[in-house]
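Below: the structure, in C-alpha cells.
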Amino acid sequence: MYAIKAVGLTKRYKSITAVGDLNLEIKEGELFSLLGVNGAGKTTTIKILSCLTKPTDGDATVGGFSITKEPDSVKRLIGVSPQEIAVAPNLSVKENLELICGIHGFSKDKTAANINELSDRFDLSGCMMRKVGKLSGGWQRRVSIAMALISEPKILFLDEPTLGLDVIARHDLWETIRSLKGKVTVVLTTHYMEEAAALSDRIGIMKNGRLLEVGTVEELKGKSGTDNFEAAFLSIVKGVGTCE
Amino acid sequence: MRMITFAKRCGKEILRDPITLCFGLGFPLVLLLLLTAIQGNIPVNLFEIDTLTPGITVFGLSFITLFSATLVAKDRESALLQRLYTTPLTGFDFIIGYMLPLLPIAIGQVVICYLFAVPLGLTVSINIIYAVIGVIPMAIFNISLGLLCGSLFGVKQVGGICGALLTNLSAWLSGVWFDLELVGGPLKKTAGFLPFIHAAEAEKALFSGDLGTAASHIFPVILYSVLITATAVFCFLRQMKKQ
C-alpha cells in the first residue's frame, strides 16, 4: 500500500504554477526526499500534502485518506515540521511538547513517556524547563522537529529540517531521521544534495513546480549517465527550461 | 480537550509577557491614582472615585484588545499557527482557544481595579459584584475586536491600531476623562453610536444600583459584541483557509 499517492496535483497562484500536474507514489515506511533549488515547489507540495493549502487541481491520498475530502483524517496521521521554526516562544520545551500531545488527545502517561523518549533522542533534558524563545536557533529547530515527532505520526513531513543547524547537530538529526526508516513514512525537502543522498530511499527532483525525475541515487545517476550525484542533479535540472 | 490545551497555551503566552501585562494591568491603576489625586485638588466633582472607577474598568478593557490582537497576529506571523493548522484542531477550537483565557484575565483586571479603588475611597457594596458581571459583554467585545484585528493585521499594525488608536478612542468616546454632554456636537453623536460610552454608563449604573439604566445601556454593548464576534470568527476562518 502507498502511504502517499498524488494524482495530477496542481497549485496555481494567479498566473504562477507553484506545483504542476504532480504524480507521485510513496511507499509505507519509505524515506522520500524532494530535492530542488529555491522556488522548485517543494514546500508548496508539502503544504498541499499536509492539508495546509488546497490544490487547484488534482488530489492525493495520505494514509489512504483524500487531502481534499478527508483532511481531518489526514491530520490525525501526520506530523509536520515547517521550514521556519514553529514553536510557542514563551512556553518551555516541555510545555511545547505537551501542547502537541494535548492537541492529539494523549493521556498524561503517554505524554510523559513520549516526552522522555524524545528528550533522550534529541538531547533535550538539559533545557526541558527553559523557555524555547530563549534557546539558540539550532536548539529551537530541534524542539520544532521533536514537536513534529511527538504525536507518533505515521507520515512525517520535514521541510528543510537541517536549515541553520551546525554540522554536529545536522549529523545527529540525520541519525534520528535514519532511525525512523521503515517505521514512519518520511517526506523530506532539502536543497542539500549530500543530505538527500545520505538519507533517502528515493529522491524526487523538482524544478519550476514540476517533478522532473524520481529514483534512487543510483538510478538518477544512471539516467543522467554520470557517477556523481551532484552532476546528475545538475544535468537533470539544467536539462529543462528556466523558470516562468 | 484539544481546545482547552490550546486555550491554556494562549493564556500562558499572555501571562508570561511581562511588559504587555504590566502595562495593561498597571496603566489603569496609575490613572485611577492620578485622577483621584487631581480630584483632591480641584473644587469641582470631575473625577469622583465612585464614577471614575467604573469608567476606568471599561477603559482598561481596551488593553485586552491589544493582548488578544497581538497574540493572534504574532501566531500568524510565526510558523506555529501553520504547524497547528496541520493538527486535528478545528476552527472552533482556535477561536474559543484564543478567547477563553482572555475572559478571566479581563474579569481579573476589573476586579483588581475595584479592589485598588477601595482604599482610595470607593463605596463598598454588593453592586461591585453586579458591576463585575455586567462588564462581561464589553470584555467579549474587546476580546473579539482583538481577534478581528489580529486576523487582519500584522504585529506592527496591531500595535498602532489597538495600542494607540483604540485606547484613545475608548478613552475619548467613553466619557471617562470628560463629560461628553459638555462637548456635545458630532463627538457626542459618534460616541452614542459606539459601545464605549454605553459600556461605561452601564457600569456606572450597575455600580450605583440603577438596574433600569444599566439594562438600556447594556443592550447596544451586547449587540456590538455579537456583531464583532461574528465578524472576527468570519475573518479568522477566512485567513485560516487562505493558508
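Of the residues in region B:26-34, none is within 14 Å of chain A (Cβ to nearest Cβ), buried (at least 17 other Cβ atoms within 10 Å of the Cβ), modelled with pLDDT of 85 or more and in contact with a Cys (Cβ under 9 Å, 6 or more places away or on another chain).
Has region A:81-95 got any residue that is of a type in the set (D, E, K, R) and modelled with pLDDT of 95 or more? Yes.
Counting only residues that are touching a residue at least 12 places away in the same chain (Cβ under 8 Å) and more than 8 Å from chain A (Cβ to nearest Cβ), region B:9-20 holds 5 of them. For the criterion of being more than 14 Å from chain A (Cβ to nearest Cβ) and either among the basic types (Lys, Arg) or outside any helix (DSSP H, G or I) (or both), residue B:23 fails.
For residue A:76, the stated conditions hold: it is within 14 Å of chain B (Cβ to nearest Cβ) and touching a residue at least 24 places away in the same chain (Cβ under 8 Å). Taking region B:155-243 and the helices (runs of 4 or more DSSP H) fully enclosed by it, the elements with 3 or more residues that are surrounded by 13 or more Cβ atoms within 10 Å (Cβ to Cβ), on the phi < 0 side of the Ramachandran plot and among the aliphatic types (A, V, I, L, M) are at B:167-173, B:195-208, B:211-242. Of the set (1) of a type outside the set (A, V, I, L, M, F, W, C); (2) within 11 Å of chain B (Cβ to nearest Cβ); (3) without any contact (Cβ under 8 Å) to a residue 40 or more places away in the chain; (4) in contact with a strand residue (DSSP E or B) (Cβ under 7 Å, 6 or more places away or on another chain), all apply to residue A:130 but (2). Condition first: facing chain B (nearest Cβ under 10 Å) and within 21 Å of residue A:164 (Cα to Cα). Now tell me which residues in region A:93-113 satisfy that. Selection gives A:96 alone. Taking helices (runs of 4 or more DSSP H) as the structural unit, those lying wholly within region B:52-146 and holding at least 1 residues that are within 14 Å of chain A (Cβ to nearest Cβ) correspond to B:62-77, B:80-85, B:91-99. For region B:36-51, the candidate set comprises residues that are free of Cβ contacts under 8 Å to residues at least 60 places away in the same chain and part of a helix (DSSP H, G or I); within that set, the residue that is least open to solvent (accessible area, probe 1.4 Å) is B:39.
Restricting attention to region A:9-66, the residues that are modelled with pLDDT of 95 or more, aromatic (Phe, Trp, Tyr) and open to solvent by 10 Å² or more (accessible area, probe 1.4 Å) total 1. Scanning region B:65-83 for residues that are open to solvent by 30 Å² or more (accessible area, probe 1.4 Å) and of a type in the set (Gly, Ala, Ser) turns up just one, B:78.
The values are calculated or read from the model by the stated rules, or taken from the named source; none is laboratory data. What you see is a predicted model; the values in this text were computed from it and never measured. Quick reminder, even Gly has a Cβ in these numbers, built from the backbone with ideal geometry, and neighbours come from all protein chains shown. Ligands, DNA and RNA are excluded from the accessible area calculation, which covers all protein heavy atoms including side chains. Shrake-Rupley method; radii C 1.70, N 1.55, O 1.52, S 1.80 Å.
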